[in-house]
Amino acid sequence: MVHSEISHHRLVAQKLYKSSPCLPQEIVKHFGAMQAQDYAMAKWAIGSRCDATEKEIEEAINSAKIIRTHILRPTWHFVSAEDIYWMLDLSAPQVKRFTASAAKKFDYDDKKLNQANVAIEKLLSGNNHLTRDEIMQELNIKKTSSADFLSAAIMMNAELDGLVCNGKMKGKQITYALLEERVPKPKNKITKEEALAKLALRYFESHGPATLLDFSWWSGFPPTICKKTIDAIMLQLNSIEIENKNYYFVNQGIENDNFKESIHFLPAFDEILISYKTREASFLAQNQSKVFTNNGIFKPIILENGKVIGIWKRTIKKDHVRIEAEFFDETESSKKQLLFEEIKSFEKYLETKIIIE
């Protein structure tokens with residue numbers, strides 16, 4: 001394997017070849033956690049890797065087969081219901097430092113946050129699913145621009161304490177529900193070392209080839225801890241050195257000559273980019289500013305054979321969805337038509353007509 005081939009191997013690891021049928025929750029479990037702050041795009045991150053429609057993925061989320069919560073880093077992620085508790089036990093202490101710092105700006109210390117948790121538990125008890133605004137109204141926290149940051153810190157703290165997670169969607173509004181009412185708590189716990197090993201193996205199986213610093217960035221754990229964890233599971237990993245960097249992966253059972261031509265229209269914040277510290281395997285340096293902004297806003301991308309060749313956006317209309325594509329280099333009309341054939345999977349996913357402009 002050489003550096004230019006890394007992106008091909010990642011297509012396999014990230015299940016973008018759709019080599020076998022998968023349920024939405026199986027895709028999420030394979031990844032361990034999938035970044036999901038842009039809810040609509042995050043659902044397509046799952047849909048682009050299986051044959052489920054948006055409605056079917058929504059149902060998996062509403063029925064708590066997939067949990068949406070803050071975990072690993074201070075942002076939303078999709079997590080499998082089977083993984084939520086051990087992963088929270090592992091990562092919550094480090095992420096809570098961010099929520100504690102944010103809450104302190106509004107004179108909310110641990111005592112006040114715990115009091116908020118008690119009140120939230122009473123509000124949501126009995127499978128009561130409420131929006132954040134509804135919860136804040138009951139907590140007597142008025143809706144202002146500054147209070148919005150406080151309410152986010154309060155709810156994130158409740159998530160990290162294992163009290164709440166996403167509830168059923170209320171129209172287009174996100175709700176919260178009690179985690180233990182949605183997913184039964186397991187009787188047994190695993191140690192921190194076992195959890196780190198499990199997380200690392202899951203990452204390199206679903207994202208490899210990837211480096212120690214890639215895993216550190218994705219997991220939120222410092223490189224020193226990640227190095228010890230990788231050393232502990234080394235017998236379960238393959239590794240290769242490219243340009244003085246060690247890349248780790250789980251044997252995917254695929255040879256280079258089995259790679260096939262592929263086009264993917266992937267969502268903003270997709271794992272194919274967001275989950276790596278450095279992204280030179282996926283696009284040319286001169287195109288970086290077109291792919292994501294300096295403040296970390298990732299755009300929907302067009303991927304050809306594992307390389308980003310353009311960006312796209314969607315506009316939802318009454319009876320169709322309009323797709324606009326921008327290619328980085330001059331692209332022949334005939335080739336564009338071939339590329340646009342691949343958007344049909346998006347049409348099937350949305351169950352509506354797509355018009356390309």
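Hey, can you tell me all the residues within the stretch 7-41 that are in a helix (DSSP H, G or I), in contact with a Lys or Arg (Cβ under 8 Å, 6 or more places away or on another chain) and under 14 Å from Ile61 (Cβ atoms)?
Listed by number, the residues that qualify are Pro24, Gln25, Ile27, Tyr39.
Please go through the stretch 88-118 and give me each residue that is among the aliphatic types (A, V, I, L, M), closer than 15 Å to Met156 by Cα and surrounded by 12 or more Cβ atoms within 10 Å (Cβ to Cβ), ordered by number. Break it down stepwise before answering.
So in the stretch 88-118, the residues among the aliphatic types (A, V, I, L, M) come out as 88, 90, 92, 95, 100, 102-103, 113, 116, 118.
Subset that is closer than 15 Å to Met156 by Cα: 88, 92, 95, 100, 102-103, 113, 116, 118.
If the condition is that a residue be among the aliphatic types (A, V, I, L, M), closer than 15 Å to Met156 by Cα and surrounded by 12 or more Cβ atoms within 10 Å (Cβ to Cβ), then Leu88, Ala92, Val95, Ala100, Ala102, Ala103, Leu113, Ala116 are the ones that fit.
Out of Ser289, Ser345, which single residue is of a type in the set (Ser, Thr, Tyr) and either more than 23 Å from the chain's Cα centre (by Cα) or open to solvent by 70 Å² or more (accessible area, probe 1.4 Å) (or both)?
Ser289
Taking the condition at pLDDT below 80, within 25 Å of the chain's Cα centre (by Cα) and aliphatic (A, V, I, L, M), does Leu284 pass?
Spelling it out, Leu284 is indeed at pLDDT below 80, within 25 Å of the chain's Cα centre (by Cα) and aliphatic (A, V, I, L, M).
Looking only at the stretch 61-80, decide whether some residue is in a helix (DSSP H, G or I) and either in contact (Cβ under 8 Å) with a residue 24 or more places away in the chain or open to solvent by 50 Å² or more (accessible area, probe 1.4 Å) (or both).
yes
Scan (1) open to solvent by 70 Å² or more (accessible area, probe 1.4 Å); (2) more than 23 Å from the chain's Cα centre (by Cα) for the single condition Lys172 breaks and write down its number.
Only one criterion in (1) open to solvent by 70 Å² or more (accessible area, probe 1.4 Å); (2) more than 23 Å from the chain's Cα centre (by Cα) is unmet by Lys172, namely (2).
Scanning the stretch 135-155 for residues that are open to solvent by 30 Å² or more (accessible area, probe 1.4 Å) and in contact (Cβ under 8 Å) with a residue 24 or more places away in the chain, which turns out nearest to Gln173 (Cα to Cα)?
Filtering the stretch 135-155 for residues that are open to solvent by 30 Å² or more (accessible area, probe 1.4 Å) and in contact (Cβ under 8 Å) with a residue 24 or more places away in the chain, the one nearest to Gln173 (Cα to Cα) comes out as Ala152.
Any chance the stretch 51-59 includes a residue that's modelled with pLDDT under 95, open to solvent by 10 Å² or more (accessible area, probe 1.4 Å) and of a type in the set (Val, Ile, Thr)?
no
Restricting to the stretch 292-324, and then to whatever is assigned to a strand (DSSP E or B), in contact (Cβ under 8 Å) with a residue 40 or more places away in the chain and open to solvent by 20 Å² or more (accessible area, probe 1.4 Å), can you tell me which residue is nearest to Ile354 (Cα to Cα)?
Glu304
For a quick check of your reading of the model, give me the residue pairs whose first member lies in the stretch 26-38 and is free of Cβ contacts under 8 Å to residues at least 24 places away in the same chain, whose second is among the basic types (Lys, Arg) and open to solvent by less than 40 Å² (accessible area, probe 1.4 Å), with beta-carbon atoms closer than 9 Å and at least 6 apart or on different chains.
Ile27/Arg49
The values are calculated or read from the model by the stated rules, or taken from the named source; none is laboratory data. In this text the structure is predicted, and so the values were computed from the model without any measurement. Every residue, glycine among them, receives a Cβ derived from its backbone with ideal geometry; neighbour counts consider all protein chains shown. Surface areas here come from the heavy atoms of the whole protein model, side chains and all, with no ligands, DNA or RNA. Shrake-Rupley method; radii C 1.70, N 1.55, O 1.52, S 1.80 Å.
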